Amino acid sequence: MDNDLINNHKSPIPKGLYHCIIMDVTSGTTRKSGIPYDRLTLEVLTGEHPGQQNKKFSQLLFYQKVGDRQVETNAHVRWAWAAGILHPGETIDFNPGMLRGKQVIVRVVPQKNTDYNEVDDRGYAVWLIGNEDVANVPTLTLPKPFESDN
């Protein structure tokens, strides 16, 4: 593989708005406090800055304690809405794995360690594709997945 392609894949993403796909969702807990979270792995499809395609970064969505249970936060709700899973006035039985494979628009910013990126506004800067607030962000049309005869 060309070294420029390898380096581009690992280099930081310039601050801006990007059309991304959620490649994976994994659960974990923080080492110090044991707070559960979901780690979303996003891949850039296209966006305001050319040449960022295929770059990946992660976003953590933390849970909150309610009584003796850990429950999703408003950040989970925001991502479910942006991914087109949750609609106004609806109640759903949400599972974070439902986000896998969904496409969203996000505002990417550098983390404190500028070698890494995250979604701005503590993970809340995420929108549904076609939302008027991000209508000027370039998007990519992905081919439909192959459906077998099974």
Check your understanding: Computed on alpha carbon atoms, what radius of gyration and Dmax characterise the stretch 40-80, expressed in Å?
Key -> 14.9, 47
Review point. Gain in length, Ile21 to His49, computed as 0.36 nm per residue apart minus the alpha-carbon separation, to one decimal in nm?
Key: 8.4 nm
Point to revise | the stretch 110-143 versus the stretch 38-90: alpha-carbon centroid distance in Å | key: 10
Revision key, fill the gap. For the stretch 29-110, the per residue accessible area (1.4 Å probe, Å²) is 56
Check your understanding: Regarding the chain, what whole-number volume in Å³ per residue does the convex hull of its Cα atoms give?
Key -> 172
Check your understanding: Which whole-number percentage describes the relative contact order of the chain, with Cα contacts under 8 Å and a sequence gap of 6 or more?
Key -> 27
Practice item. Take the solvent-accessible surface of the protein heavy atoms, probe 1.4 Å, and return the percent of it on the chain that carbon and sulfur atoms account for. Key: 49
Check your understanding: Shape of the stretch 70-136 from its Cα gyration tensor (a ≥ b ≥ c, root eigenvalues): rounded if a/c is under 1.5, otherwise prolate when a/b > b/c, or oblate?
Key -> oblate
Review point. Going by average Cβ neighbours within 10 Å, how do the peptides 57-64, 133-140 rank, with the highest at the top?
Key: 57-64, 133-140
Check your understanding: Looking at the chain, which longest stretch skips every one of the GluC sites (Glu not before Pro) that is in a DSSP loop with at most 15 other Cβ atoms within 10 Å, leaving the sites themselves out?
Key -> 1-89
Point to revise | For the stretch 29-99: rounded, prolate or oblate by the Cα gyration tensor [a/c cutoff 1.5] | key: oblate
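The values are calculated or read from the model by the stated rules, or taken from the named source; none is laboratory data. All figures in this text were calculated on a predicted structure; none of them were measured in a lab. Because the Cβ atoms are built from the backbone with ideal geometry, glycine has one as well, and the counts that use them run over all protein chains shown. To get the accessible areas, we keep the full protein, side chains included, count just its heavy atoms, and leave off ligands, DNA and RNA. Shrake-Rupley method; radii C 1.70, N 1.55, O 1.52, S 1.80 Å.
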